[in-house]
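*Asks:* After the structure tokens below, expect a handful of questions from me.
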């Protein structure tokens, strides 16, 4: 769900507009991005290489639905991720809520073990003071990636504008595996801090990402899939 954090921070901190076409009381929009490394919850999905990403969204009142795709590079030959999602974003008092479901699909992945999985999620955000935006979210999967059983991901975010053109945001996330008795210490923490801006209609995201990855051999070393890395993303909304 890191892509939701990035897009919301861009819109929140620097006011990047999303142009859309009104259809049947809803609005369609699109987005495309090039990133130096697709990182999901602290883990590179492209073996540290650049990739192209993009998607389409529909929104009407407090409801939304969309599809998003990215290149990936897994050791088993999997090369594509496609996410399908939908949700509801009501406002309750000073809190903006986001409740939804997302299905992660890997169409060219091997059949066994199963890589596709679903998560239901909920989040809330609000403004503290004049400009500090804070949020928290939780995602639950009944059977996470590679049939690893129940998993919960909790994330906390904060963002503040530095000027009309620049913003800074940070996040920390906690990935927990509830059913893996053989790996009691596989749960881990990931974190990021980013600088966002906009130039000539393009969103620019400069981000440092890391993870402790202490429970699994090889994940937290230099060059490992969960090692610290600097990621640059250029995006465009349509």
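*Asks:* Could you give the length gained by full extension between residue 47 and residue 105, i.e. 0.36 nm per residue of separation minus their alpha carbon distance, to one decimal place? Write out the running numbers ahead of the final one.
*Replies:* Values: separation 58, 0.36 × 58 = 20.88 nm, distance 1.86 nm.
Length difference between fully extended and current span is 19.0 nm.
*Asks:* Mind ranking 87-98, 29-40, 44-55 by how tightly packed they are, going by the mean number of other C-beta atoms within 10 angstrom, highest first?
*Replies:* Working: 87-98: 13.4, 29-40: 19.2, 44-55: 17.1.
Going by the mean number of other Cβ atoms within 10 Å, highest first, we get 29-40, 44-55, 87-98.
*Asks:* Per 0.36 nm of contour for each residue apart, how much would the distance between residue 97 and residue 200 grow if the chain were fully extended, relative to their Cα-Cα spacing? Before the final figure, lay out each step's value.
*Replies:* Details: separation 103, 0.36 × 103 = 37.08 nm, distance 3.10 nm.
Gain in length upon complete extension: 34.0 nm.
*Asks:* Which of the peptides 102-113, 148-159 is most tightly packed, and how do the rest follow, judged by the mean count of other Cβ atoms within 10 Å per residue?
*Replies:* Details: 102-113: 14.2, 148-159: 18.0.
The packing order, highest mean first, is 148-159, 102-113.
*Asks:* While we're looking at this one, here's another question. Residues of the stretch 80-111 with backbone nitrogen within less than 16 Å of a virtual label 7 Å along the Cα-to-Cβ line of residue 138, please, listed as ranges.
*Replies:* 97-101
*Asks:* Related question: Taking 7 Å along the Cα-to-C-beta vector as the label spot, tell me the residue 28-residue 78 distance in nanometres, rounded to one decimal.
*Replies:* For the pair residue 28/residue 78, the computed spacing is 3.0 nm.
*Asks:* Also, I was wondering about something else. Only residues of the stretch 134-154 count here: report those whose backbone N is under 20 Å from the spot 7 Å along Cα→Cβ of residue 114, or say none.
*Replies:* The answer is 139-153, whose backbone nitrogens lie closer than 20 Å to the label point.
Coordinate-derived values only; no laboratory data. What you see is a predicted model; the values in this text were computed from it and never measured. Positions of Cβ are generated from backbone atoms using ideal geometry, with glycine treated the same way; all protein chains shown enter the neighbour counts.
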